[in-house]
Amino acid sequence: MNRRAFLGSLGAAAYAEMQGVKVIDAHAHLHHHGNPNWSDEDRKLIDAADKLGIDQLCCSILPPERPTKMESFRDCNRWLAEAIRRFPGRIRGYCFVNPGYTKEAREEIRRYVEEHGFAGVKLYNDYRANEPVVFPIVELAIELKVPILHHAGM
């Protein structure tokens, strides 16, 4: 049974709405602008959230290449900030970075959390969570009091 069927069978979103509880999807993705249909696909995600009674989606945008280049994560975060403006009140941002660009990644996180209100950090599998290159990112997230969503797998 998939997540959609499970929630539908329980009526969890309807119950939450009746109780005045906000429903938040903590892990969603908007589409990379290299996809020619990115705008339509983003709209479909919001429409699906509406049907499921999901109030907000915590999102990131990931580039297709691995390892992720600095220019790519900067583009993705800029596009995400635009999406947050396009769907007011619906999207919470996870700032996506590659920890291998330590200085630039920390600057990017600080800028998007402090200036754009991003809610957390998204790390993909450019590095494992226990590699020392990730530690400065973890330390900054602790300082900023934001969570890290670290994708599993290599």
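Can you name every residue in the stretch 52-66 that is farther than 13 Å from C76 by Cβ and at pLDDT 95 or above?
Listed by number, the residues that qualify are I54, D55, Q56, L57, C58.
Exactly one of these conditions fails for K122: (1) at pLDDT 95 or above; (2) surrounded by fewer than 16 Cβ atoms within 10 Å (Cβ to Cβ); (3) basic (K, R). Give me its number.
The number of the failed condition is (2).
Looking for whichever is surrounded by fewer than 16 Cβ atoms within 10 Å (Cβ to Cβ), part of a helix (DSSP H, G or I), under 14 Å from the mean Cα position of the chain (by Cα) and not aliphatic (A, V, I, L, M) here; the options are E82, E71. Which one fits?
The conditions single out E82.
Take the residues in the stretch 120-134 that are free of Cβ contacts under 8 Å to residues at least 60 places away in the same chain and outside any loop (DSSP other than H, G, I, E, B), then tell me which one is nearest to H151 (Cα to Cα).
L123
From the list A141, A152, which one is among the aliphatic types (A, V, I, L, M) and assigned to a loop (DSSP other than H, G, I, E, B)?
A152
Looking only at the stretch 35-53, how many residues end up being among the small types (G, A, S) and part of a loop (DSSP other than H, G, I, E, B)?
1
Return the residues of the stretch 49-85 that are over 19 Å from K122 (Cα atoms) and either of a type in the set (V, I, T) or free of Cβ contacts under 8 Å to residues at least 24 places away in the same chain (or both); say none if nothing qualifies.
Hits for the stretch 49-85 are D50, K51, I54, R85.
So is R106 assigned to a helix (DSSP H, G or I) and either modelled with pLDDT under 95 or basic (K, R) (or both) or not?
In short, yes.
Name the residues in the stretch 47-68 that are crowded, with 18+ Cβ neighbours inside 10 Å and over 18 Å from H151 (Cα atoms), would you?
A49, I54, Q56
Can you find a residue that is in contact with a strand residue (DSSP E or B) (Cβ under 8 Å, 6 or more places away or on another chain) and more than 27 Å from S39 (Cα to Cα) anywhere in the stretch 76-89?
Scanning the stretch 76-89 turns up no residue that is in contact with a strand residue (DSSP E or B) (Cβ under 8 Å, 6 or more places away or on another chain) and more than 27 Å from S39 (Cα to Cα).
The values are calculated or read from the model by the stated rules, or taken from the named source; none is laboratory data. Since the structure is predicted, the reported quantities are computational estimates derived from the model, not experimental observations. Counting neighbours? That spans all protein chains shown, and the Cβs are built from the backbone with ideal geometry, glycine included.
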